Amino acid sequence: MSAREETVLSSPIESPDFQDVGAAATLSVSRRHFLVGATAILSGMGLLPWLEGCATTAPPIETEVPATDLPWEELRKKLSGPLLRPGDRGYLAKALPWNRRYAGTRPAGIASCRNPADVQQSIRWARANRVPLIVRSGGHSYAGYSTTEGLMIDVAGLNGFAYDEKTGRAVLGGGARNANVYEALRPLGRAVVHGRCLGVGVAGLVLGGGIGFNMRRFGVTCDLLESTDIVTSDGEILTCDRDRNPELYWACRGGGGGNFGVNTSLTFQTFPVSELTVFSIQWNQGLEEVFAALLALLPKTPDRLGGKVSVRVSADGSLAVALLGQLVGPPSELRGLLEPAYSKAKPSVERVEVRSYWDGQTFLSEEGCPEYSHESSRYVYKDIPAAGVATIFDYLRRWPGTSIGADWKAFLVGGAIDRTGRRETAYVHRGASQLSSIEVEWNAEDPKDLVLENLAWQMEFHQAMAPFTSNESFQNFIDGSQADYLRAYYAENLEGLVAAKRRYDPSNTFKFPQSIPLSI
C-alpha cells in the first residue's frame, strides 16, 4: 500500500464533513491570493453557488415519507440478500462512496441484491413507498451520484461470470468490478476494453462508454457490449441487443449509468491477448519541451499504443511529466516512437518491461482506494498549441496546494473508437484525439477554505482550457460543476436519450442531479 493510500484510508470516515476535520495541515499559503480573483470569475460564471454548496457533501434527495415510518421489514422479507439500515453491522462499509467528499449523504436503507429478483423487489418497494432510489455497482461516481438518503440498490453481489468458447463472448454480472474481469479473463488469454482501477464497477464503466488502454485498437468498452439485461422502473426484466429493445440497447452504450434501470448482466465480445510492452516514464526536467513533444507525437502513434500523459504537481509544489501505458510491440519500437520527447530531456524514471498481457495489467493497474477529489474533463479534437501548453503549466505553477496533489492529464483516444459513427451508439465522442481532465485531490485534514480555493482554481483552469479543447465532456468523469452538462456529455445524441427515457422510465424513477430528463 502506498503512503497516499495509507493516508486516505486512515482519515476519519464517521465524521467526514469539513466542519468536523482536525487541525489544518502545514501547507504553504503563499498562493492564497488566487482565491479572490477566482471567486469573482466563478461568480460571474454563475458557478459560485455550486462551489459553496458541494464543498462538503452532495445535495440530499429527500424521501417523501420519513425513513422511520417506512415498512422496511416488508422489504427485508422480500430479499434473499440482507437489508442494511444505519447501525447495522456492515452498513457503513457499504454506505460510504469512493469519493469521500460525499460521505455525508447516507442511505436510509441498502438492499444488498444477490439476484435480479432482489433488484425487482427493491424497485417495486421503493416506488410503492415513494422512496427515491439509487443504484450502486462500484460506487465510483465522481460526483457522488451513487449515494442517496433513500434506498441504495447495491448490486455488488451480482458478480458472476460465464464464457462461451465458441463465440468468445463473456457474460458478467451487473456488480462485477475490474478486479473480477482480471481474474476471470486472465486464464482464458482474452480481454475486453477495461479500466485500470480494480474497484470500478464494469456496469458503470460500460454504460458511460468505457475507456481503457485497448480502446484505440478495439473501441470503447460499450462498442464490445453485445447485450444486457436490465430491470426497468416497472420491475420488469428486459433483454436488450440489436434486435430486442434496440432503442434501450443503444442508450445503454454510452448513455450513462443509473438513467434507465438496473443492468443485472452484460455480455461482451472478448478478444485474444498476448505479449506487450508496458511503460511508466517520468521527466523532472525540460518539462514544457517534453510535454509539448508528447502532445504532438502521441496522437500520431499506431493504434497499438495506448496510454495517458500527465503533468502533476505534488504537495511540495514540484512538477513532473509522466507517461503511462502499453504498446503491442517491442521496447525498441516504443523508444523510437518517443524519440522526439527523449531528445528534449532524459527521463528521470524509466520503467519499460515486456510482459504477458495480464501481468502487464498488474503493472498498470491501481487499487482505486477511497479519496477526496474533483475532476473536470474536456475532449480534444485538435492539436493543443503552444498557448495551451503554457496555460497548463501556468495554472499548475499557481496551484493553491493540498496535502495530496493535482494534475492535467490526457488519455489517447481515436483509432478504432472512430470506426463507429457518433450516432450509432449513445457514446458520442468520436473523432477526438485525446480525453483531457484536470483533477485535484485532498485529505480530510486539509482546511475547508483551502479546499474551496482549490475547487475555484480548478474550475477557472477548466474554463481557461476551453479555447484549446472542446465543449464535450466525458460522462463517466461526471462533474457536478459542468455547465450545460447534458450537451457536454451527449451532444447531438441527447434527444435520442430523452426519447428512450420517456419510453422506458416514464415515471422518472431513476434520477439524480445530472440524470437524463424526461424533456429538454
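The values are calculated or read from the model by the stated rules, or taken from the named source; none is laboratory data. These figures come from a predicted structure and were not determined experimentally. Methodologically, a virtual Cβ is constructed for each residue, glycine included, from the backbone with ideal geometry; neighbour enumeration extends over all protein chains shown. Areas reflect the complete protein model, heavy atoms only, side chains present, ligands, DNA and RNA absent. Shrake-Rupley method; radii C 1.70, N 1.55, O 1.52, S 1.80 Å.
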Can you give me the number of residues within the range 84-98 that are in contact with a strand residue (DSSP E or B) (Cβ under 6 Å, 6 or more places away or on another chain) and either hydrophobic (A, V, I, L, M, F, W, C) or open to solvent by less than 20 Å² (accessible area, probe 1.4 Å) (or both)? 2
Residue match in the range 212-223 (condition: open to solvent by 10 Å² or more (accessible area, probe 1.4 Å), of a type in the set (Ser, Thr, Tyr) and modelled with pLDDT of 95 or more): no
Given the structure, is Pro86 assigned to a loop (DSSP other than H, G, I, E, B), of a type outside the set (Lys, Arg), touching a His at 6+ places or on another chain (Cβ under 9 Å) and at negative phi? no
Going residue by residue through the range 425-432, is there one that turns out to be closer than 22 Å to Tyr142 by Cβ, of a type in the set (Ser, Thr, Tyr) and under 16 Å from the mean Cα position of the chain (by Cα)? yes
Given the residues Val451, Val440, which is the only one that is among the β-branched types (Val, Ile, Thr) and in contact with a Leu (Cβ under 8 Å, 6 or more places away or on another chain)? Val440
Looking at Gly150, Gly175, Gly189, Gly204, can you tell me which residue is within 24 Å of Leu96 (Cβ to Cβ), open to solvent by 10 Å² or more (accessible area, probe 1.4 Å) and not basic (Lys, Arg)? Gly204
Quick one: would you say Gly496 is open to solvent by less than 40 Å² (accessible area, probe 1.4 Å), in a helix (DSSP H, G or I), on the phi < 0 side of the Ramachandran plot and out of contact with any strand residue (DSSP E or B) (no Cβ under 6 Å at 6 or more places or on another chain)? yes
Check the range 339-358 and report whether any residue there is part of a strand (DSSP E or B) and either buried (at least 20 other Cβ atoms within 10 Å of the Cβ) or without any contact (Cβ under 8 Å) to a residue 24 or more places away in the chain (or both). no
State all residues of the range 320-363 that are polar (S, T, N, Q) and either in contact with a strand residue (DSSP E or B) (Cβ under 7 Å, 6 or more places away or on another chain) or at pLDDT below 95 (or both); if no residue qualifies, say none. Gln326, Ser348, Ser356
